[in-house]
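Read through the structure below, which is laid out as structure tokens, and then see the notes.
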Amino acid sequence: MQNVSVNQLAKPLVQELIDKSDALRVIVGEFSNGAKYIDAGIDCAGGLEAGRVIGEICMGGLGKVTLCHTAAVSDWPLSLHVHTCNPVLACLASQYAGWSLSHEKFHALGSGPGRAIARKESLFEDLGYEDTCDSATFVLEVDQLPPVALINRIAETCRLTPAALTFILTPTRSIAGNVQVVSRVLEVAMHKVHTLGFPLDDVLDGSASAPLSPPVPDFVTAMERTNTAILFAGRVHLFVQGDDTRAEKLALDLPSSSSPDYGKPFARILKDCGYDFFKIDPMLFSPAWVAVTSVDSGRTFRGGNLAPDLLAKSFS
């Protein structure tokens, strides 16, 4: 894995956003310290395609995100599909929003390939991965520009100049923001795989899908809808090696229904936790339905169920 640079692989996708900024309805700008930003929904329209590309950037260029119409959930045709040949690097080393960033009144969770250069999370000790690249890209789910002082601190942590950093900004209320959050359907599964203690080296491949939630101006409602899409209608298929007993247990433990908070409206869960994501039961953040295929035996184990009624209530 050390021969793979998620920041290097993401570079062409970042450049695509820049080169097609007008067509993709995003705004490219520069901070006073030379760092770049790409606004995908704060002061511009953004859109589905911008969100799709950003989803692939989040995965460090190791995943593919596609949009399609499907009958998996009745009365809601548009879905998102994601797959990667390296779920551990793509989802955990890059896509996972695990770096808490703050300066004065600004707070955000940093995701994207730049995390693998900064390595500020204990997760990277478990992964045993460190990226080296002459540039770093971060994705922030925010509705305002991050302060320059924070960017300088991030650059120092990454041992890069501010001009080597790019920040992609995707408000949850925006169309692009919806896409990039729902494209984490495989990532939330991989994070729970890690939480459950399943050996990450035994996860060989993965794909996932979820209905694309409708955007809404209210931040809390937008957050509820994007998470509901995954928790109640997300589907994940993992390909693993090793003992069948472990594969079967993973299929049973992985779905969101294993959490005692399952079935509650996500907005209520957020309110009860004081809108602090870290206080929510970590077992809840996972897809609704899971299939785990053992490549050693050829057997497939399944767990969980879709909850279209809860999805419809949220989306309406």
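The values are calculated or read from the model by the stated rules, or taken from the named source; none is laboratory data. Just so you know, these numbers come straight off a predicted model, no measurement behind them. Virtual Cβ from ideal backbone geometry, glycine too; neighbours counted across all protein chains shown. Note: accessible area is taken over every heavy atom of the protein model, side chains too, but ligands, DNA and RNA are not part of it. Shrake-Rupley method; radii C 1.70, N 1.55, O 1.52, S 1.80 Å.
Taking the listed residues 72, 45, the one that is under 20 Å from residue 189 (Cβ atoms) and either surrounded by fewer than 21 Cβ atoms within 10 Å (Cβ to Cβ) or free of Cβ contacts under 8 Å to residues at least 24 places away in the same chain (or both) is 72, with no other qualifying. Residues in region 1-34 that are of a type in the set (A, V, I, L, M, F, W, C) and assigned to a loop (DSSP other than H, G, I, E, B) were compared, and the one that is surrounded by the fewest Cβ atoms within 10 Å (Cβ to Cβ) is 1. Only one of the numbered conditions (1) under 30 Å from residue 313 (Cβ atoms); (2) at pLDDT 95 or above; (3) over 14 Å from the mean Cα position of the chain (by Cα) is not met by residue 117, and that is (1). The set of residues from region 75-117 being hydroxyl-bearing (Ser, Thr, Tyr) and assigned to a strand (DSSP E or B) comprises 79, 84, 100, 102, 111.
Need at least 3 residues that are out of contact with any Lys or Arg (no Cβ under 6 Å at 6 or more places or on another chain) and at pLDDT below 90 per element, so show me which helices (runs of 4 or more DSSP H) inside region 225-316 make the cut, counting only ones lying wholly within it. Passing ranges, in order: 266-272, 308-315. Count of region 126-139 residues, restricted to those that are open to solvent by 20 Å² or more (accessible area, probe 1.4 Å), touching a Lys or Arg at 6+ places or on another chain (Cβ under 9 Å) and among the hydroxyl-bearing types (Ser, Thr, Tyr), is 1. For region 189-232, the set of residues classified as open to solvent by less than 20 Å² (accessible area, probe 1.4 Å) and touching a Pro at 6+ places or on another chain (Cβ under 7 Å) consists of 189, 190, 203, 206, 208, 222, 229, 230, listed by residue number. Under the condition of being in contact with a strand residue (DSSP E or B) (Cβ under 9 Å, 6 or more places away or on another chain), among the hydroxyl-bearing types (Ser, Thr, Tyr) and more than 18 Å from residue 135 (Cβ to Cβ), which residue from region 99-125 is most open to solvent (accessible area, probe 1.4 Å)? Checking each candidate, the answer is 100.
Residue-level analysis places residue 276 outside the set of residues that are open to solvent by 70 Å² or more (accessible area, probe 1.4 Å) and either in contact (Cβ under 8 Å) with a residue 24 or more places away in the chain or under 19 Å from the mean Cα position of the chain (by Cα) (or both). Condition first: more than 21 Å from residue 228 (Cβ to Cβ), open to solvent by 30 Å² or more (accessible area, probe 1.4 Å) and either β-branched (Val, Ile, Thr) or in contact with a strand residue (DSSP E or B) (Cβ under 7 Å, 6 or more places away or on another chain) (or both). Now tell me which residues in region 244-269 satisfy that. Of everything in region 244-269, those that are more than 21 Å from residue 228 (Cβ to Cβ), open to solvent by 30 Å² or more (accessible area, probe 1.4 Å) and either β-branched (Val, Ile, Thr) or in contact with a strand residue (DSSP E or B) (Cβ under 7 Å, 6 or more places away or on another chain) (or both) turn out to be 244, 245, 248, 252.
Among the residues of region 215-259, those identified as of a type in the set (Val, Ile, Thr) and more than 17 Å from the chain's Cα centre (by Cα) are 216, 220, 221, 240, 245. Inside region 42-75, residues that are among the small types (Gly, Ala, Ser) and on the phi > 0 side of the Ramachandran plot make up a count of 4.
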